[in-house]
Each structure stands twice: as C-alpha cells, then as structure tokens.
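What follows is a set of notes on a single structure, which appears directly below.
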Amino acid sequence: MKARVHVTLKRGVLDPQGEAVRHALGSLGFAGVGEVRMGKVIELDLDAADAEAARAQADAMCRALLANTVIENYEVEIA
Amino acid sequence: MTMRAGVVVFPGSNCDRDIAVALRGAGADVAMVWHKEAELPAGLDLVAIPGGFSFGDYLRCGAIAARAPVMRAVVDFARGGGHVLGVCNGFQVLIEAGLLPGALMRNAGLKFVCAPAPLSVGAEDSVFTAAYRRSEAVTFPVAHHDGNFVADAGTLARLEGEDRVAFRYRANPNGSMHDIAGVLSENRRVLGLMPHPERAADPALGAGDGARLFAGLVDATTSRALQGA
C-alpha cells in the first residue's frame, strides 16, 4: 500500500521560506498572492494488509518521527 | 574528584572534538560515545550533544539524531537528574528528543548566520551559568541556519516566569522569540543553546567567555557530587 503524508506548518507559525517565495512571486509579476505556506510531502510504500492498517502505520510514523507536532500538522492519504 | 563527561557523536557531528577539548581544558575526563550505543558509559556527570549537521539535517534539524539508540539512554540520564548540554545542532536534538520545549525554525532572514554573537546571561541557579553574573555581557560565536526559537505564548511565559532563559541575544541574529539563545529544562539540569561556548574557550581563538561556562560547569558538578547532592 502507498501512503502519502502531507506535513504543513500550523497556523500562526511564521514561515520565513513561504514569505521569501511570496516576495519572489511578487517580483515576477504575480499579483495578489496573499500568503504562501511551505510544507513537505512524504511518500511511503508500506507492507500493510489494507488501507486501514496502512493508515494506522503511517499515523504512528508521523507521531514518532515524520512530523514535529509542536509546530506541524500532518495528513495521511492512502493511495 | 574529576568530572566525567560523555560527548555523543552522530554522523555529521562536527563540533564533537571541540567540545571535548573545551571540557578537558576545564579538567573533565571525556569519553566519546557513538550514536549506536544503547548505553552511556557508567558514572557520567554530564552528557554533551555537540554541534554539526547530524544525519545531514534531513527531515528536520536534529530529528533523526533524536531517535538514535543513544538518545534513549540520554533521555533516561536526564530524567534521572543527569546534566545534559546541547550546543547548536545539539540544542536542536534535545528539543526533538523532548528534553527542552519549543522548536528551532529556519532563521527569519533565511540566511546561515556565522558571526560572534553578543549575549546576555539570564538564568542564575544553574551549573551552566555558575561562572557568570546575571545580565553579564558575553560573546560566543553562532553558526547556524535553523536557530529561530519558537514557542507558544504559554511556554514562553513559563520559561520567563521560571527564569529558564539562560542566554539571550543582545542583537537578535535569527528572529528568535524573546531573543532566546539558550534555555534550561524545568529541573535546570539540561541546557540547550545555539551559540558555541566551545568556540570561545581558547585564548588562541581570541576569546575566553565560553571557557568560563565549562570551568563553572566542571566546578559546580564536582563540588555538588562531593556534597552528595
């Protein structure tokens, strides 16, 4: 089973990289970009019997390592 | 009585020997501890987590190192009242391991900062600041890309209220909240800081402010051990 994990910064956590990208977009002439938030996508190939088991594994991995829940949220998508 | 210190070495650590030299210079007996070790050498008074780019800073700075086998032993050591010092990447590792609060994010200016950092000594009543006076001005070098200390309002209020900000920037180089450069754990026995005291520990390198941190640390931990405290 394939799982895709999206890790994003929590609301309220300043994202200096997103801010730099927003400035760069503005200087390229893209007007009206309100906010840019950067994140990560992590693809996992899991040895799991079904989607539910894969989701449980990926969730445990997020809590143990893949996301820092002090500053990040995560979402698991099973493909 | 000699203070016994262990310096943890991860793949990508690059200040491990510097911190060992600084500790030995202060009179400590130092053992290097490889990250795959599941146990620490017996009888340590201090564990130091050095600077560098452990595991290439992959995923998040310090995240993978914080899950290395040796870190379970370091967490147990700290929970049992042991002294732990984390510098730069070592500070990131201690936060990722849950021994210190908050998070260290990309510098607000997005640039790697490498410069002498003027600091003000904050918290008293810790073995790490034993050699300094409160509000004393000292300078340690900084060299990092991810030293922007972030915490929620409640955590910041606790750190301030409990006098746990051990070092504060006098000219904030990275956007850290409350100019925080280093924080203590609740029991005041774990210190993480981004600036490098070990790089200000040899007169040949132009500064001695950091040497006093190690001298005070060795002095305080050995005299406490003698008192059996």
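Taking each residue of segment A:61-75 that is facing chain B (nearest Cβ under 10 Å) and looking for partners that are among the charged types (D, E, K, R) and not in a helix (DSSP H, G or I) with beta-carbon atoms closer than 8 Å, six or more apart or interchain, yields A:68/B:60; A:71/A:10; A:72/A:10. Consider segment B:108-126 and keep the residues that are surrounded by 21 or more Cβ atoms within 10 Å (Cβ to Cβ) and within 21 Å of residue B:173 (Cα to Cα). The one that is nearest to the other protein chains (Cβ to nearest Cβ) is B:117.
Exactly one residue among B:12, B:25, B:56 is closer than 30 Å to residue A:71 by Cα, surrounded by 15 or more Cβ atoms within 10 Å (Cβ to Cβ) and away from chain A (no Cβ under 14 Å), and that residue is B:12. With respect to (1) within 12 Å of another protein chain (Cβ to nearest Cβ); (2) modelled with pLDDT of 95 or more, the lone exception for residue A:44 is condition (1). From the list B:137, B:171, B:153, B:130, the lone residue that is of a type in the set (A, V, I, L, M), closer than 22 Å to residue B:44 by Cβ and surrounded by fewer than 24 Cβ atoms within 10 Å (Cβ to Cβ) is B:130. Of the residues contained in segment B:141-156, none is found to be in a loop (DSSP other than H, G, I, E, B), of a type in the set (D, E, K, R), more than 16 Å from residue B:88 (Cβ to Cβ) and away from every other protein chain (no Cβ under 14 Å).
A single entry from B:131, B:117 fulfils the requirement of being in a strand (DSSP E or B), touching a Lys or Arg at 6+ places or on another chain (Cβ under 9 Å) and either more than 19 Å from residue A:15 (Cβ to Cβ) or at pLDDT 95 or above (or both): B:117.
When residues in segment A:1-41 are screened for being on the phi > 0 side of the Ramachandran plot and within 14 Å of chain B (Cβ to nearest Cβ), 1 of them pass. A Cβ distance below 8 Å, combined with a sequence gap of six or more or placement on separate chains, defines the contacts here; from segment B:178-194, residues that are closer than 20 Å to residue B:139 by Cβ reach residues that are surrounded by fewer than 21 Cβ atoms within 10 Å (Cβ to Cβ) and among the aliphatic types (A, V, I, L, M) in the pairs B:178/B:156.
Residue by residue, here is whether (1) within 17 Å of residue B:183 (Cβ to Cβ); (2) part of a helix (DSSP H, G or I); (3) out of contact with any Asp or Glu (no Cβ under 9 Å at 6 or more places or on another chain) holds:
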{"site": "B:60", "(1), (2), (3)": "no, no, no"}
{"site": "B:70", "(1), (2), (3)": "no, yes, no"}
{"site": "B:78", "(1), (2), (3)": "yes, yes, yes"}
{"site": "B:85", "(1), (2), (3)": "yes, no, yes"}
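Quick check, is residue A:56 within 14 Å of another protein chain (Cβ to nearest Cβ) and either closer than 23 Å to residue B:153 by Cα or loosely packed, with under 15 Cβ neighbours inside 10 Å (or both)? Here the answer is no, as residue A:56 does not meet what is asked.
The values are calculated or read from the model by the stated rules, or taken from the named source; none is laboratory data. Every value quoted in this text rests on a predicted model; they were computed, and no experiment measured them. Here the Cβ is made from the backbone with ideal geometry for all residues, glycine too, and neighbour counts use every protein chain on show.
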